[in-house]
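**Q** Take this structure first; my questions come after.
Rule-based calculations on the coordinates, nothing more; no lab input. Everything numeric here is computed off the predicted structure, so don't read it as measured data. No Cβ is skipped: glycine too gets one built from the backbone with ideal geometry, and neighbour counts run over all protein chains shown.
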Amino acid sequence: MARITLDHIRHAYGASPQSDQDYALREIDHEWHDGGAYALLGPSGCGKTTLLNIISGLLQPSHGRILFDGKDVTNLSTQARNIAQVFQFPVIYDTMTVYDNLAFPLRNRGVPEPEVDRRVREMLEIIDLSDWAKRKAQRLTADQKQKISLGRGLVRNDVNAILFDEPLTVIDPHMKWVLRSQLKRLHKQFGFTMVYVTHDQTEALTFADKVVVMYDGQIVQIGTPAELFERPRHTFVGYFIGSPGMNVLPAKIDGSTVTIGDEKVSLDYAPNISGVGKIELGIRPEFVRIGSEGVPVSITRIEDIGRLKIVRASFAGQPISIVAEEDVEIPSEPRVTFDPAAINIYADSWRVGGEG
Amino acid sequence: MEKTWNNKAWFLVLPVLLLVAFSAVIPLMTVVNYSVQDTFGNNEFFWAGTDWFDDMLHSDRFWEALQRNLLFSFIILALEIPLGIFIALNMPKKGIGVPVCLVLMALPLLIPWNVVGTIWQVFGRVDIGLLGHTLWALGIDYNYVRDPIDAWITVIIMDVWHWTSLVVLLCYAGLVSIPDAYYQAAKIDGASRWSVFRYIQLPKMKRVLLIAVLLRFMDSFMIYTEPFVVTGGGPGNSTTFLSIDLVKMAVGQFDLGPAAAMSIIYFLIILLLSWVFYTVMTSSDANQ
């Protein structure tokens with residue numbers, strides 16, 4: 001178990017990077033708490049796996065240091081860092097039995113055989129493969145394979161951290177749910193630091209205490225699921241988290257009044273926008289109320305998704321999504337109001353707070 | 001669904017059947033025909049029954065050639081397979097080195113067999129050959145024309161030089177098909193270099209290795225051109241393998257009957273061994 005410090009990490013795959021664009025990771029400078037469950041969330045190619053491989057030591061960062069519990073491990077090998085990692089596609093040593101697969105990382109580290117046996121049996125129970133112990137690890141289903149991979153990671157109880165690289169991608173939706181709850185339980189039981197890479201927001205939000213949202217080689221926000229939902233620090237977070245994503249409307253600001261097209265919306269604070277930049281207003285579809293008051297909109301489409309309705313409309317010439325309860329009546333001349341507390345103002349895509 | 005019976009379809013098989021008949025069945029039957037007859041020339045043939053087969057199976061000459069051939073195949077397999085694996089493991093996985101290595105490896109395979117023989121025949125000559133003369137200058141008594149051991153060593157090294165590349169290329173193909181995740185997982189699991197080879201690389205190479213063993217066995221069991229060019233089967237009969245013996249008998253001595261009987265026995269041995277390999281390969285597939 002360890003606290004992981006990422007000290008100004010930058011990484012470029014090509015030699016001699018010139019501009020920011022050459023870096024797969026721009027600059028990461030964060031500290032992750034011991035025993036935390038972190039989810040790295042972001043679209044494909046945003047640098048999640050790169051960051052993970054830097055932590056595990058499979059990659060050397062171009063710049064910066066990694067510290068475990070304050071000890072510099074940047075130049076240590078993967079073995080020496082004592083990290084477990086589970087990959088997107090299950091890795092099975094198929095000439096060994098299931099039992100030997102789980103025993104492999106322990107035996108490689110010279111753990112005495114009685115101890116190996118105890119831990120492997122315990123792990124077989126946890127991943128529910130006790131009946132398979134003596135069988136060759138062949139002709140297994142995808143979720144059995146991934147369970148063995150998980151087991152190989154979890155069987156070492158002294159690891160500094162366990163890293164998961166989209167481990168549930170190849171698993172059926174039903175099994176995904178089961179495995180995810182098993183992982184959560186194991187995390188509670190053993191308390192290891194856990195980093196979980198995914199591009200699936202549901203997975204990230206249900207799994208982690210803290211979600212780390214990555215975009216274009218940098219961390220745009222670290223926060224609890226609620227923070228990410230209510231106060232996205234970057235328009236990307238607003239758009240990426242939530243379904244449908246946050247409405248982002250180009251706006252002008254004068255004091256505490258926001259102008260969108262010809263319409264005016266008043267805020268309960270005056271955003272601090274001293275610098276000149278692109279100003280946008282962000283509001284989640286859940287906080288847009290549709291009724292007979294407020295600014296008129298024209299509805300283009302209504303999607304019924306069961307208990308909720310998603311209304312696609314045009315607000316001052318901008319497309320907007322609105323989430324409404326199933327039983328809400330939509331008037332013939334619909335108007336919308338924004339919950340002032342839920343409005344976020346963005347300057348050059350980054351959120352700005354109130355003055356003072 | 002009801003099956004439509006249409007025997008006209010058989011006509012479509014006819015061209016292939018004719019081709020196979022001309023290329024394989026008819027020549028084979030000619031050999032069978034010779035193997036049961038005796039001739040003293042003038043195109044007159046006499047029925048001999050299974051006499052030639054009896055003779056052949058009781059001939060020391062045949063058994064010795066067979067033993068020599070099996071020993072030869074065993075030695076070159078024991079050298080080429082481990083060496084091929086070793087080279088494949090150490091070949092670069094990316095960069096400019098990959099095409100360079102692949103071309104270098106392919107070169108010996110592209111040289112015509114009789115040219116390979118000629119190269120080594122000259123290379124090993126004590127008077128003008130680079131190898132032979134150098135060894136002689138170093139005071140090592142090497143002469144493949146006189147000494148059977150030297151002849152064997154020369155023929156074996158020649159075969160290793162000629163064919164190890166095939167094993168390398170097959171193994172390399174097996175190795176590059178292993179996803180990076182396996183090596184990364186092995187690092188995470190703290191596996192040693194040996195464990196990586198034993199549990200990741202070797203299992204992934206198993207199928208191509210079986211093919212390599214099969215191909216190298218077949219080829220070495222039929223070897224003719226290279227040793228014929230280098231040693232002509234000598235000194236004495238020390239490098240006379242089955243096919244060299246067969247050609248001596250059929251073309252040199254014009255003993256058509258015994259040669260035909262030997263051909264058939266030779267053919268049956270190859271058929272039997274192919275079947276064994278096929279069974280081993282398919283049964284190992286079924287286990288996966």
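**Q** What nm value, rounded to one decimal, do you get for the distance between B:Phe74 and B:Trp136 when each label is placed 7 Å out toward the C-beta?
**A** Here the answer is 3.4 nm between the modelled labels.
**Q** Step through the table entries A:Lys48/A:Lys252; A:Lys210/A:Lys252; A:Lys188/B:Lys187; A:Lys136/A:Lys184; A:Lys147/A:Lys309; A:Lys145/A:Lys188, compare each Cα-Cα distance with 31 Å, and write down the pairs that go over it.
**A** A:Lys48/A:Lys252; A:Lys210/A:Lys252; A:Lys147/A:Lys309
**Q** Quick one: if the Förster radius is 35 Å, what FRET efficiency do A:Arg307 and B:Asp180 give, using the C-beta to C-beta distance and rounding to 0.05?
**A** 0.20
**Q** Please average, across the residues of A:92-101, the number of beta carbons from any other chain that are within 10 Å of each residue's own beta carbon, and give a whole number.
**A** So the per-residue partner count for this stretch is 3.
**Q** Continuing with this model, one more query. Please state the relative contact order of chain A as a whole percent: Cα pairs under 8 Å, 6+ residues apart?
**A** The value is 16 percent.
**Q** Can you compute 3J(HN,Hα) from phi for each residue in the range A:158-171, using the Karplus curve 6.51 cos²θ - 1.76 cosθ + 1.60 with θ = phi - 60°, rounded to whole Hz and x for Gly and Pro?
**A** With coefficients 6.51, -1.76 and 1.60, one gets 9, 5, 6, 6, 10, 10, 10, 9, 6, x, 9, 4, 8, 9 Hz.
**Q** Under 5 Å between amide H atoms, partner at least 5 residues away or on a different chain: which partners does A:Thr74 have, H built in plane at 1.01 Å?
**A** A:Ile66
**Q** Using only alpha carbon positions, build the gyration tensor of the range A:4-235, then give the equivalent ellipsoid semi-axes as the square roots of 5 times its eigenvalues, largest first, whole angstrom.
**A** 31, 20, 16
**Q** Local charge sum around A:Ile343 (other residues, Cβ-Cβ under 12 Å, Lys/Arg +1, Asp/Glu -1)?
**A** Around A:Ile343, the charge tally is -1.
**Q** Scan around A:Thr97 for amide H atoms under 5 Å from its own, H built in the peptide plane at 1.01 Å from N, and keep only partners 5 or more places away or cross-chain.
**A** A:Ala137
**Q** What's the extension gain from B:Leu202 to B:Val251 if we count 0.36 nm per residue and subtract their Cα-Cα distance?
**A** Difference between extended and current length: 13.1 nm.
**Q** Expected output is a single nm value to one decimal: the length gained when fully extending between A:Lys71 and A:Glu329, i.e. 0.36 nm times separation in residues minus the C-alpha distance. What is it?
**A** 86.8 nm
**Q** Would you work out if chain B is rounded, prolate or oblate? Take a ≥ b ≥ c from the square roots of the eigenvalues of the alpha-carbon gyration tensor; rounded if a/c is under 1.5, else prolate when a/b is larger than b/c, oblate otherwise.
**A** Verdict is oblate for chain B.
**Q** Students often get this wrong: which residues of the range B:242-258 have the backbone nitrogen under 20 Å from the point 7 angstrom along Cα-to-C-beta of B:Asn43?
**A** B:254-257
**Q** Taking amide H atoms as placed 1.01 Å from N in the peptide plane, list the residues 5 or more away in sequence, or in a different chain, whose amide H sits under 5 Å from that of A:Met214.
**A** Sorted by chain and number, the residues that satisfy this are A:Leu41, A:Gly42, A:Val220.
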